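Enquirer: The structure's right below; bear with me while I get my questions together.
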Amino acid sequence: MEKTFLNIVSGRSKGLGAELARGSLTALSWGFSAGARLRGVAYSKGWKSITKAPMPVISIGNLTTGGTGKTPMVIWCAEGLMKAGYKVAVLSRGYGAKAGEINDEGQLIQERLPEICLYQNPDRISSAFQAASDGCQVALLDDGFQHRKLHRDLDLVLVDATNPFGYGALLPRGLLREPMTAIQRAGGVLITRAESVSAERITEIRETLKNLGAPGDVWTVVFCPSRLRSLTKPQDAFSLDWLKNQSITVASGIGNPQAFEQSLEQLGATILDRHHFPDHHLYSLEDLDILAAKSQKSSAVLVTEKDAVKLAPLLAKHPKFETRLLALAIDAEVTPVTSLKDRIHDIAAGRSRSA
């Protein structure tokens, strides 16, 4: 269903049926657009209230649905702040989590940063005040660009270089959550997945952002594979070079599986089979059976770290899963790194807080 939708809104699907579908989605997007614009005016005019937290808040969000790399950037920001001595809170909605549990992104953040203070609650104002009460000194608002109820001291907006503006249309005709001119609210823009496009394309995106009225501070982000780890045999060590000339099966339940697969191919792997599960997919033992059956000609099944946190507990319950299952870790690299670190640390220190 998700693949069919993307083929339609991207224009890849041709024919009368696809054209009629796009027409229907365009009509539906008018209502969405009107609502988004009215909501924006309500906040800008002060008709809707905005609550300040007792500590600086840095939002990491985007204009579009789908994966733009927010979780790696949350980890990057949190790690830098923690190294600087701050007690850091991550405030997220917890999308896709069962009641009383933490979703896959939250589990990944905790796995990478065990000392992080993670709060998952749709009421992120409540989470912010709870975090302050718990002694946190700065909060990272995960996927917070549209969550305008909570005041933020810095809005970092991620723009995916492989699909920066969601096919140029609002939901459901495209992937935009609000009009592209909303980028004017940003305090800084990060063009992510810069490794996946040409330098000329990055220049084009920068120019479009400038024409839209985006802030002058624009950074580029490259997501670099950093290590492989085995889920089936944690004691086994694999270097990234191991992937060269390997025939693999790929499974992922993320917003942008193509970027993950491209990283594996750039490391020299040949992908024999691809399994695209919905974003935040809740894996089952039956899913493991399917992967084992479909990967008999592969050297391994490769998954993302976000998928790994959900698959690892299942492996202990599966009596006969013998297929090699590996997770690829991804780290963010920002350019120019010093200026963004300085900006974030100034906010954390309270030197640039809005009045």
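The values are calculated or read from the model by the stated rules, or taken from the named source; none is laboratory data. These figures come from a predicted structure and were not determined experimentally. Glycine gets a Cβ as well: all are built from the backbone with ideal geometry, and neighbour counts include every protein chain shown.
Enquirer: Would you check if there is a residue in region 111-120 being closer than 22 Å to A182 by Cα, in contact (Cβ under 8 Å) with a residue 12 or more places away in the chain and not in a loop (DSSP other than H, G, I, E, B)?
Expert: Pass one, region 111-120, residues closer than 22 Å to A182 by Cα: none.
No, that holds for no residue.
Enquirer: Further question on the same structure: Please specify each residue of region 37-53 satisfying the condition of being surrounded by 13 or more Cβ atoms within 10 Å (Cβ to Cβ) and touching a helix residue (DSSP H, G or I) at 6+ places or on another chain (Cβ under 8 Å).
Expert: Result: G40, K48, A53.
Enquirer: Okay, next question. Consider only pairs whose beta carbons are under 6 Å apart and that are at least six residues apart or on different chains; among these, list those whose first residue lies in region 174-193 and is within 21 Å of S10 (Cα to Cα) and whose second residue is among the charged types (D, E, K, R) and crowded, with 20+ Cβ neighbours inside 10 Å.
Expert: What qualifies is T192/D160; R193/D160.
Enquirer: Let me ask something else. From the list K70, K83, K3, pick out the single residue that is among the basic types (K, R) and touching a strand residue (DSSP E or B) at 6+ places or on another chain (Cβ under 6 Å).
Expert: Checking each option against the conditions leaves just K70.
Enquirer: Looking only at region 319-351, count how many residues are more than 20 Å from F277 (Cα to Cα), at pLDDT below 95 and either surrounded by 15 or more Cβ atoms within 10 Å (Cβ to Cβ) or among the acidic types (D, E) (or both).
Expert: Residues flagged as more than 20 Å from F277 (Cα to Cα), at pLDDT below 95 and either surrounded by 15 or more Cβ atoms within 10 Å (Cβ to Cβ) or among the acidic types (D, E) (or both) within region 319-351 amount to 1.
Enquirer: Of all residues in region 75-92 being touching a helix residue (DSSP H, G or I) at 6+ places or on another chain (Cβ under 7 Å) and assigned to a loop (DSSP other than H, G, I, E, B), which is farthest from K149 (Cα to Cα)?
Expert: From region 75-92, those touching a helix residue (DSSP H, G or I) at 6+ places or on another chain (Cβ under 7 Å) are 75, 77, 80-81, 84, 86, 88-92; that's our starting set.
So of that shortlist, the ones also assigned to a loop (DSSP other than H, G, I, E, B) come out as 84, 86.
Working: A84: 28, Y86: 24 Å.
Taking the candidates together, the pick is A84.
Enquirer: Within region 217-264, work out how many residues are outside any strand (DSSP E or B), among the small types (G, A, S) and either at pLDDT 95 or above or over 18 Å from the mean Cα position of the chain (by Cα) (or both). Explain how you work it out, then say what you get.
Expert: Let us first name the residues in region 217-264 that are outside any strand (DSSP E or B), namely 217, 231-236, 239-246, 253-264.
Adding the requirement that they be among the small types (G, A, S) leaves 239, 253, 255, 259, 263.
Cutting the leftovers down to either at pLDDT 95 or above or over 18 Å from the mean Cα position of the chain (by Cα) (or both) gives us 239.
The number of residues fulfilling the criteria is 1.
Enquirer: Limited to region 83-101, what total is found for residues that are crowded, with 18+ Cβ neighbours inside 10 Å and over 24 Å from P56 (Cβ atoms)?
Expert: Going through region 83-101 one residue at a time, the tally reaches 1.
Enquirer: I've got another one for you. Look through region 198-226, keep the residues that are in contact (Cβ under 8 Å) with a residue 60 or more places away in the chain and among the hydrophobic types (A, V, I, L, M, F, W, C), and return whichever of them is surrounded by the most Cβ atoms within 10 Å (Cβ to Cβ). Talk me through it step by step, then tell me what you get.
Expert: Taking region 198-226 and keeping what is in contact (Cβ under 8 Å) with a residue 60 or more places away in the chain, we get 217, 219-226.
Add one more test, that the residue is among the hydrophobic types (A, V, I, L, M, F, W, C), and what stays is 219, 221-224.
Values: W219: 18, V221: 26, V222: 17, F223: 20, C224: 14.
The selected residue is V221.
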